[in-house]
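Asks: One structure follows; several queries about it will come next.
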Number of protein chains: 2
Amino acid sequence: MDSCLFCQIVAKKIPAAIIDEDAHLLAFHDIAPQAPIHVLIIPKEHISTLNDLEPTHTELMGKMIMKAQKIAAKLGIQEKGYRLTINCNRQGGQSVFHIHLHLLGGRQMHWPPG
Amino acid sequence: MDSCLFCQIVAKKIPAAIIDEDAHLLAFHDIAPQAPIHVLIIPKEHISTLNDLEPTHTELMGKMIMKAQKIAAKLGIQEKGYRLTINCNRQGGQSVFHIHLHLLGGRQMHWPPG
């Protein structure tokens, strides 16, 4: 997916402030942070939106949440708290069409969530 | 967990507008909706926060996301879009200490997510 920004980050063709990487997932700091801590966790596989997930991706989505938990602990926001958000399509506010989980913390998050 | 509101909903001791149920998950409309569609998806097992997840819960968390995808389609907001949010602890805005995934749609969601 040469045209996908996040695939290019996965391929290390575009730099990012990577903080965690394993065989299936990559995590890096959002370039337009909305909180003191704002990390994106993405599958290395190109999946455009939540709507494109197949049952075979179930474990991968679970791993994405477990990774967020691990990174929150690593960054010291586990106890005070944090918010996870995934946007789908226009009304959800999705801007890059490669699934990404937002991990936000380091400040009080408000309600509603946007 | 007699003191947990969501465990009591799972046990059908407290009513809720349930829209989906299987062996592991329950979904119902939020009683204080923040969008035209605002559904909560919870594991039937009592897990207080994201911090309490064990590796054995990986599949369950994946199923929770797949369930959100299915419900978004069922409610007709799949194409226009939707947002998924999970709060953890105080700064994340968690109010009920039983993990729940918020599915919001039916209006334009804004940025930042709270």
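Asks: Filter the range A:91-114 down to the residues that are part of a loop (DSSP other than H, G, I, E, B) and closer than 18 Å to A:Met61 by Cα, then identify the one that is farthest from the other protein chains (Cβ to nearest Cβ).
Replies: Here the answer is A:His98.
Asks: B:Ser95 fails exactly one of the following numbered conditions: (1) on the phi > 0 side of the Ramachandran plot; (2) surrounded by fewer than 20 Cβ atoms within 10 Å (Cβ to Cβ). What is the number of that condition?
Replies: Status for B:Ser95: all satisfied but (1).
Asks: A further question follows. Of all strands (runs of 3 or more DSSP E) completely enclosed by the range B:11-74, which ones contain at least 2 residues that are within 14 Å of another protein chain (Cβ to nearest Cβ)?
Replies: B:37-43
Asks: For the range B:29-76, which positions are of a type in the set (Gly, Ala, Ser) and within 16 Å of B:Gly106 (Cβ to Cβ)?
Replies: B:Ala32, B:Ala35, B:Ala68, B:Ala72, B:Ala73, B:Gly76 - these are the residues of the range B:29-76 that are of a type in the set (Gly, Ala, Ser) and within 16 Å of B:Gly106 (Cβ to Cβ).
Asks: I need the full set of residues from the range A:19-35 which are of a type outside the set (A, V, I, L, M) and open to solvent by less than 40 Å² (accessible area, probe 1.4 Å), in order please.
Replies: A:Asp20, A:Phe28, A:Asp30
Asks: Considering only residues that are over 14 Å from B:Asp20 (Cβ atoms) and in contact (Cβ under 8 Å) with a residue 40 or more places away in the chain, which ones fall in the range B:33-51?
Replies: Those that are over 14 Å from B:Asp20 (Cβ atoms) and in contact (Cβ under 8 Å) with a residue 40 or more places away in the chain: B:Gln34, B:Ala35, B:Pro36, B:His38, B:His46, B:Ile47, B:Ser48, B:Thr49, B:Leu50.
Asks: Determine whether A:Thr85 is touching a Lys or Arg at 6+ places or on another chain (Cβ under 8 Å), β-branched (Val, Ile, Thr) and either in contact (Cβ under 8 Å) with a residue 40 or more places away in the chain or part of a helix (DSSP H, G or I) (or both).
Replies: No.
Asks: For A:Ile65, all conditions in the list (1) touching a residue at least 60 places away in the same chain (Cβ under 8 Å); (2) β-branched (Val, Ile, Thr); (3) open to solvent by less than 10 Å² (accessible area, probe 1.4 Å) hold save one; what is the number of the exception?
Replies: Tallying (1) touching a residue at least 60 places away in the same chain (Cβ under 8 Å); (2) β-branched (Val, Ile, Thr); (3) open to solvent by less than 10 Å² (accessible area, probe 1.4 Å), A:Ile65 fails exactly one: (1).
The values are calculated or read from the model by the stated rules, or taken from the named source; none is laboratory data. Since the structure is predicted, the reported quantities are computational estimates derived from the model, not experimental observations. Every residue, glycine among them, receives a Cβ derived from its backbone with ideal geometry; neighbour counts consider all protein chains shown. Areas reflect the complete protein model, heavy atoms only, side chains present, ligands, DNA and RNA absent. Shrake-Rupley method; radii C 1.70, N 1.55, O 1.52, S 1.80 Å.
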